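Each reported figure results from applying straightforward, stated rules to the coordinates on display, with no laboratory input. If you're wondering where the values come from, they're calculated on a predicted model, not measured in any experiment. Note that we place each Cβ from the backbone using ideal geometry, even for glycine, and neighbour counts take in every protein chain shown.
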Amino acid sequence: QEYTQQLDQWNATQTLYPLQSSVQQLIEAQVLRSPDAVALTAGTQHLSYRELNGRANRLAHHLIGLGVGPDVLVGIALERSVEMAVGLLAVLKAGGAYVPLDPDYPTERLAYMQADSGIRWLLSHSALTDALPQVAGVHAVYITRRHMPPALRALLDFLVERFAAEPAWGAPPPGPTP
């Protein structure tokens, strides 16, 4: 009786998701519905759907510029964090696939996983540089901006907010035309 209740009733958590939409499309749709709603919380850090999507888009464009696309694997060696979620979403938006690498794994295991998977790019923090093995043909991409001077970070934040508020390129501004 109790076992059946636990198994059947309490575990009835099935949810139908639109299978024709990708994860990145679902997040973009949520941005349109409620851009300022909290999408992600990690410790004391919170990101809205707009912020998550914006950060992932910027990183995805950078990854595309590096050649990430279909059939390209990207390693991700990050602790569970906002940056990890941004990195995962960015790789998907770039059209690639990610290979999760736990930075706490032994160095030999991480080296084997990088070499065996054939990744060319490894998303990580600059703080983890010493902990991660250097594998021939694998290039690090640091997704944090901690190494940038504060003034440059502030300028980038200002520009991102400014351009995010602009109408789409090529689209006329809303309202009557004079």
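For Tyr98, the residues whose modelled amide H falls within less than 5 Å of its own, excluding neighbours fewer than 5 places apart on the same chain, are Val74.
Taken one residue at a time, the phi angles of the stretch 104-115 give Karplus couplings (6.51, -1.76, 1.60, θ = phi - 60°) of 7, 5, x, 4, 4, 5, 4, 4, 4, 4, 5, 5 Hz. Gly and Pro are set to x.
Put simply, the stretch 17-131 fits an ellipsoid with semi-axes of 26, 17, 12 Å; these come from the alpha carbon gyration tensor as the roots of five times its eigenvalues, largest first. Modelled this way, with points 7 Å down the Cα-to-C-beta line, the labels at Gln6 and Asp130 are 4.6 nm from one another.
Given a Förster distance of 22 Å, report the FRET efficiency between Tyr17 and Ala37 from their Cβ-Cβ distance, rounded to the nearest 0.05. Before the final figure, lay out the partial values.
Numbers: r = 18 Å, r/R0 = 0.83.
Efficiency, from the Cβ-Cβ distance: 0.75.
Across every pair of different alpha-carbon atoms, what Kirkwood hydrodynamic radius in Å does the stretch 6-50 reach? Value: 12.8 Å, from the Cα pair sum.
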